[in-house]
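Below is one structure, written out as structure tokens; comments come after it.
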Amino acid sequence: MHEAGLVAALAEELLRLKEREGAQRVLRFTVEIGELSGVDPEAFRWAYEILREMYAELKETEMILDLVPARFRCKICGREFPGDYFSLCPGCQSPEKTLLSGEELTLREVEFEVADV
Amino acid sequence: MCESCGCGERTLRVTVSRGLLSENERLARENRAWFKRLGVRVVNLVGSPGAGKTSLIEATVRRLPECRVGVIEGDPETRRDAERLSRLGIPVAAVTTGGVCHLDARMVHRAFHELAASPPELLFIENVGNLLCPADFDLGEDLTVVVLSVTEGEDKPEKYPQAFRRASAVVLTKVDLLPHVDFDLARVAELIARINPEARLFPLSVRTGEGLEPWIEFLRA
Ligand SMILES: Nc1nc2c(ncn2[C@@H]2O[C@H](COP(=O)(O)OP(=O)(O)OP(=O)(O)O)[C@@H](O)[C@H]2O)c(=O)[nH]1
Ligand SMILES: [Mg+2]
Ligand SMILES: [Zn+2]
């Protein structure tokens, strides 16, 4: 998997935002990983730990992973349910459904330390 | 927060909500606009190593003599497939990814510079042999096509649903080998339909030519 490439892009984005905000440090950030995103949270965290060694500015930055469960809505009866691409609606057994959440791969929030002037 | 201790620092919280792949998506949009401007139709072929991607391109080129076809060939280490395709007398731009497991929009952009001077009408991008990683990377293509061979086993859609998720079509190739393998075509079609009801299915064999005609028609449309 390409977790390494993803965290590299993430680090660039964090440093860009830090610059933009004129911040001292990146304290922590939250990444949403959908259950169906194809990204393995363990591998993602591991890739981040390795990457952090290469970026002095991120050495003390904490990553919070928010795992987003997959949810669907049945196109036939409107019921909402958890599951995967193969799940049938527990209400009416229909395979036709809309994905509501679960494919996220998103940097949601960043906390910086800024000097008060 | 440090307001209380008076150390002169405070915490700033910023909501970003930006996709981790958004830079690739931006570059893919640029590629798409470029392809459109030059009138190039682009097909991104994704599939496991040895699924039959290069063979499918070869067979397709032979059946579309009236169409100018070009190829961007993604190979982790070698140029072997690029050389194989060059023998058909078509323009081929090779991308050796240096071990990276997928093509991204930037690599495709660079490679297309080699072809843009006399742009093809139909451009195949043969992605790196891998069902997992290429799924996340939009290259700016018009059609994403998964190449799945019947020798790979029928559990592939269940194992790699992301690959099928955004595919416009799935080519189920090497059907000449069906008598020798456990591969229930109907069951696989059903699994694919669960993941992506819109995907068109093309069971075919490059070896015997069976099923190639509907695929060619699909590309012509
Ligand atoms: N029997 C049979 N063999 C096929 C067919 N299509 C391809 N092959 C064989 O499958 C093998 C792999 O085919 P390629 O076209 O090189 O596969 P690929 O997906 O390009 O492989 P990589 O680029 O290495 O990932 C070759 O030995 C082909 O001759 C087919 O329709 N039937
Ligand atoms: Mg090949
Ligand atoms: Zn229902």
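The values are calculated or read from the model by the stated rules, or taken from the named source; none is laboratory data. In this text, all values refer to a predicted model and were calculated from it rather than measured experimentally. Because the Cβ atoms are built from the backbone with ideal geometry, glycine has one as well, and the counts that use them run over all protein chains shown. Heads up: the accessible areas ignore ligands, DNA and RNA and are worked out on the full protein's heavy atoms, side chains in. Shrake-Rupley method; radii C 1.70, N 1.55, O 1.52, S 1.80 Å.
Ordering B:Met107, A:Met63, A:Met54 from largest to smallest accessible area (1.4 angstrom probe), what's the sequence?
The residues order as A:Met54, B:Met107, A:Met63, largest area first.
Using the Karplus equation 6.51 cos²θ - 1.76 cosθ + 1.60 (θ = phi - 60°), what ³J(HN,Hα) coupling, rounded to whole Hz, does each residue of the stretch B:188-203 give in order, writing x for Gly and Pro?
Along the stretch B:188-203, the couplings run 5, 4, 5, 5, 5, 5, 5, 6, 8, x, 7, 5, 7, 10, 10, x Hz.
How many angstrom lie between the Cα centre of the stretch B:44-103 and the Cα centre of the stretch A:1-62?
If you average the Cα positions of each part, the centres end up 34 Å apart.
For labels at B:Asp155 and A:Tyr55 in the simple 7 Å Cα→Cβ model, what's the distance in nm?
Those two pseudo-labels are separated by 3.7 nm.
For labels at B:Leu177 and B:Glu114 in the simple 7 Å Cα→Cβ model, what's the distance in nm?
Calculated label separation equals 2.9 nm.
Rounding to the nearest 10 and keeping the result within 0 to 90°, find how far the Cα-based axis of helix B:53-63 lies from the longest principal axis of chain B.
That helix lies at roughly 50 degrees to the long axis.
How big a patch of accessible area, both sides summed and in Å² to the nearest 100, lies buried between B and A at a 1.4 Å probe?
2900 Å²
Please provide three numbers in whole Å: the alpha-carbon extents of the protein assembly as shown along the principal axes, with the largest listed first.
Between the extreme Cα coordinates on each principal axis of the protein assembly as shown lie 79, 55, 34 Å.
How many angstrom lie between the C-alpha centres of the stretch B:9-32 and the stretch B:146-162?
Computed from Cα coordinates, the inter-centre distance equals 32 Å.
Relative to the first principal axis of the alpha-carbon coordinates of chain A, what is the inclination of helix A:41-52, with its axis defined by its Cα atoms, in degrees from 0 to 90 and to the nearest 10?
With both axes taken from Cα atoms, the answer is about 10 degrees.
Accessible area per residue of chain B at 1.4 Å probe, in Å²?
46 Å²
I need to check one value: relative contact order of chain A, counting alpha carbon pairs closer than 8 Å and at least 6 residues apart, in percent.
That works out to 36 percent.
Once you've got the GNM for chain A with C-alpha springs shorter than 10 Å, pick whichever of A:Arg45, A:Arg20, A:Arg28 has the biggest mean-square fluctuation.
A:Arg20
Determine the equivalent ellipsoid of chain B by diagonalising the alpha-carbon gyration tensor, then write out the semi-axes as square roots of 5 times the eigenvalues, largest first, rounded to whole Å.
The three semi-axes for chain B are 36, 23, 15 Å.
R0 = 22 Å: FRET efficiency of A:Phe86 with B:Leu185, Cβ-based, nearest 0.05?
Given R0 = 22 Å and the Cβ-Cβ separation, E is 0.80.
Compute the acute angle (0 to 90°) between the alpha-carbon long axis of helix A:3-21 and the principal axis of greatest extent of the alpha-carbon atoms of chain A; round to the nearest 10°.
60 degrees
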